[in-house]
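In what follows, a single structure is set out as structure tokens and then discussed.
The values are calculated or read from the model by the stated rules, or taken from the named source; none is laboratory data. Predicted, not measured: the structure shown is a model, and the values here were computed from it. Glycine also receives a Cβ, built like all others from the backbone with ideal geometry; neighbour counts cover every protein chain displayed.
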Amino acid sequence: MWIDTFKSFLLIALELTVLFIAISFIISLLQGLIPYEKIEKKLSGRNKIIGAFAAIVFAFITPFCSCSTIPVVVNMLKKKMSFSIVMIFLFSSPVLDPTILTIMTVALGWKVTIIYTVLTSVFSIIIGFTLEKLGFEKSVKNVVMTGYDEEHQKFSLKYALTETLSLMKTVYPYLILGAAIGAVIHGLVPTEWISNVFGKDRWWLIPIAAIIGIPLYIRLSSMIPISQILIAKGMALGPVMAMIISSAGASLPEVILLKSIFKKRLVAAFVLSVFVMSTLSGFIFYLV
């Protein structure tokens, strides 16, 4: 059984490694062609609808985890960008990673990836505008940003290779961790048990999965291989997607960082918003 588990790990890890290196290199290369200045102008413009879509695009082309998003958010606030636009970026950036979305397509299918992308984008926009409408802009502290480099890369094979190696150091370990956990679940956890406990039409599993995911610091790169195995074992898609979104959208380290720039009222609203987004998304997957 342990030999089969190890073989499963090697197979999953090899597949993910090839995908990760190839996709990361291509995306890093293409990022040199992205007109960042034009996108930033749209973010700062008066038309908030255009700004909202620009925030989603900016989130997509800046693949950060929940913690590394914070310095960018502080920089956007210092530039006096619209509060709603900043919040849209804050919610969407950790969950919209082009590399991981591509891997999600291979692991879970293009339909799941499209629905996931649409749901997280739409909910991020709704939450951003709602928080501004409710006056949460007043809950932002005056902060001084340090250590943020705004310089954008140019189209370069050398830079793409350097960026790929950098991502290998920061993101790849989480991908392998997810592959290892997935292999253990695949080899040692009985399919019947997962199917009986998590595979039936139990709607209350979705909010529970969302709650469990929030305090965990599980990157999206780790959750994809784990989710693939859980679904293959018979776990319902709704709870799986709820945990994916909540674990990627918020984490305990991120909440601690947010306390340095947001007052408690806004931090609480952020956590509640991530829970609502992940739970509602889980129910939509459950229904679809």
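What about residue 50, is it surrounded by fewer than 20 Cβ atoms within 10 Å (Cβ to Cβ) and at pLDDT 75 or above?
yes
Output the residues belonging to region 118-138 that are surrounded by fewer than 18 Cβ atoms within 10 Å (Cβ to Cβ) and assigned to a helix (DSSP H, G or I). 118, 122, 126, 130, 133, 137, 138 - these are the residues of region 118-138 that are surrounded by fewer than 18 Cβ atoms within 10 Å (Cβ to Cβ) and assigned to a helix (DSSP H, G or I).
Buried (at least 18 other Cβ atoms within 10 Å of the Cβ), among the polar types (S, T, N, Q) and in contact (Cβ under 8 Å) with a residue 24 or more places away in the chain: is that true of residue 260 in this structure? Spell out the reasoning first.
Values: buried (at least 18 other Cβ atoms within 10 Å of the Cβ): no; among the polar types (S, T, N, Q): yes; in contact (Cβ under 8 Å) with a residue 24 or more places away in the chain: yes.
Answer is no for this residue.
Of the candidates 288, 271, the single residue that is under 13 Å from residue 90 (Cα atoms) and surrounded by fewer than 23 Cβ atoms within 10 Å (Cβ to Cβ) is 271. Residues in region 65-115 that are free of Cβ contacts under 8 Å to residues at least 12 places away in the same chain and within 13 Å of the chain's Cα centre (by Cα): 1 in all. Out of all the residues in region 254-262, is one or more more than 18 Å from residue 71 (Cβ to Cβ) and out of contact with any Cys (no Cβ under 7 Å at 6 or more places or on another chain)? Looking for residues that are more than 18 Å from residue 71 (Cβ to Cβ) and out of contact with any Cys (no Cβ under 7 Å at 6 or more places or on another chain), one finds none in region 254-262, hence no. Of the helices (runs of 4 or more DSSP H) lying entirely inside region 69-115, those containing at least 3 residues that are modelled with pLDDT of 85 or more and farther than 19 Å from residue 281 by Cα span 83-92.
In this structure, residue 273 does not qualify as at pLDDT below 85 and closer than 24 Å to residue 139 by Cα.
Determine if region 137-146 includes at least one residue that is of a type in the set (Ser, Thr, Tyr), under 19 Å from residue 69 (Cβ atoms) and within 12 Å of the chain's Cα centre (by Cα). No, because not a single residue in region 137-146 is of a type in the set (Ser, Thr, Tyr), under 19 Å from residue 69 (Cβ atoms) and within 12 Å of the chain's Cα centre (by Cα).
Among the residues of region 258-286, count how many are part of a helix (DSSP H, G or I) and farther than 21 Å from residue 212 by Cβ.
The qualifying residues number 3.
When you scan region 195-208, do you find a residue that is among the aliphatic types (A, V, I, L, M), part of a helix (DSSP H, G or I), at pLDDT 85 or above and touching a Pro at 6+ places or on another chain (Cβ under 6 Å), even just one? Yes; the residues of region 195-208 include at least one that is among the aliphatic types (A, V, I, L, M), part of a helix (DSSP H, G or I), at pLDDT 85 or above and touching a Pro at 6+ places or on another chain (Cβ under 6 Å).
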